[in-house]
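Quick notes on the structure that follows.
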Amino acid sequence: MSLAIASLFSVAGKTAVITGGSRGIGEMIARAYVENGARVILTSRRAEDVEGLAATLGTAATAIPADLSRMDEIDRFAAEVGRVAPKVDVLFNNAGASWGAPFGSFPEHGWDKVMTINLKAVFFLTQRLLPLLEAAATPDDLARVINIGSIDGLHVSPIESYSYAASKAGVLHLTRMMAKFLAPRGIAVNAIAPGYFPSKMTAGIADRVDAEVLKATPLGRWGTTEDMAGVALFLGARASAYLCGSVVTVDGGYATTA
């Protein structure tokens, strides 16, 4: 086995499925994989967004719009993936939603919406794509499932986003559960816990909270596309082959040093 960077960190020729792949962290990951020779299959609820990004990325990208909050759509999406790809080397469970409201008025539909897309869909989409992940696995390079959690699953957020924080804590423990039971099937499961990256979701955070978070971040800045791309490429490449059930926190030190 070569120890050259070109071998250890290559994703060339791999097929990656990225949910929530039309913007934010999903788009960052998609661009990184395409630029490094992978094929990406993107999904998002808004067809115009995901199809627009796929068109920008070129022939290496395929858009399959789907609403992963619905089981019938999870089934349809998984079937469509199987029709266009014989195997899935890397699955990024990135699609997510958030909801903020005071404890006393937090609505049931805000709880259910977030839990369904952030946690339930992670489990059932991975389940439905299991045959394609197993088809990609080799003794030298396992298939990968990479769940996108959040630092809000690791610490207490200054924002009253109860269902979001609970769902992301659930994602991180679900990652460990899946890692234990999918590793014997040739699939390594790990997670990324991002801090504050520019996205539609973080755009809604109040300026006051923004300033407080930035002040408390030891590296003194927000996350960038390069920051996310590096971790995402590492977790899908041979270099991370001995990681199983790990959570990689990418937050500039904000939650990890609190």
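Restricted to the stretch 10-23, and to residues there that are at pLDDT below 95 and farther than 20 Å from LYS120 by Cβ, the residue that is surrounded by the fewest Cβ atoms within 10 Å (Cβ to Cβ) is ARG23.
Residues in the stretch 35-52 that are of a type in the set (A, V, I, L, M, F, W, C) and more than 17 Å from the chain's Cα centre (by Cα): ALA47 alone. Candidates in the stretch 80-104 are the residues that are closer than 28 Å to ALA12 by Cα and free of Cβ contacts under 8 Å to residues at least 24 places away in the same chain; of these, the one that is surrounded by the fewest Cβ atoms within 10 Å (Cβ to Cβ) is ARG83. For THR138, the stated conditions hold: it is out of contact with any helix residue (DSSP H, G or I) (no Cβ under 9 Å at 6 or more places or on another chain) and of a type in the set (Ser, Thr, Tyr). ILE146 satisfies every condition listed in (1) within 20 Å of the chain's Cα centre (by Cα); (2) without any contact (Cβ under 8 Å) to a residue 40 or more places away in the chain except (2). Of all residues in the stretch 1-24, those that are under 21 Å from GLU134 (Cα atoms) have Cβ atoms under 7 Å from Cβ atoms of residues that are of a type in the set (Lys, Arg) and in a loop (DSSP other than H, G, I, E, B), 6 or more apart or on another chain, in THR15/LYS87. The condition of being charged (D, E, K, R), farther than 24 Å from ALA32 by Cβ and within 17 Å of the chain's Cα centre (by Cα) holds for ASP67.
Of all the residues in the stretch 59-78, those that are loosely packed, with under 15 Cβ neighbours inside 10 Å and touching a residue at least 40 places away in the same chain (Cβ under 8 Å) number 2.
Is it true that THR56 is hydroxyl-bearing (Ser, Thr, Tyr), surrounded by fewer than 23 Cβ atoms within 10 Å (Cβ to Cβ), more than 19 Å from the chain's Cα centre (by Cα) and in a helix (DSSP H, G or I)?
On the way: hydroxyl-bearing (Ser, Thr, Tyr): yes; surrounded by fewer than 23 Cβ atoms within 10 Å (Cβ to Cβ): yes; more than 19 Å from the chain's Cα centre (by Cα): yes; in a helix (DSSP H, G or I): yes.
Against the criterion (hydroxyl-bearing (Ser, Thr, Tyr), surrounded by fewer than 23 Cβ atoms within 10 Å (Cβ to Cβ), more than 19 Å from the chain's Cα centre (by Cα) and in a helix (DSSP H, G or I)), THR56 qualifies.
Residues in the stretch 155-166 that are in contact (Cβ under 8 Å) with a residue 60 or more places away in the chain and either surrounded by 20 or more Cβ atoms within 10 Å (Cβ to Cβ) or of a type in the set (S, T, N, Q) (or both): SER161, SER163, TYR164.
Annotation: of all residues in the stretch 41-53 being outside any loop (DSSP other than H, G, I, E, B) and in contact (Cβ under 8 Å) with a residue 40 or more places away in the chain, the one that is farthest from THR116 (Cα to Cα) is ILE41.
The values are calculated or read from the model by the stated rules, or taken from the named source; none is laboratory data. Because the structure is a prediction, the values reported are computed rather than measured. In this analysis, Cβ positions are derived from the backbone assuming ideal geometry, glycine residues included, and neighbour counts consider all displayed protein chains.
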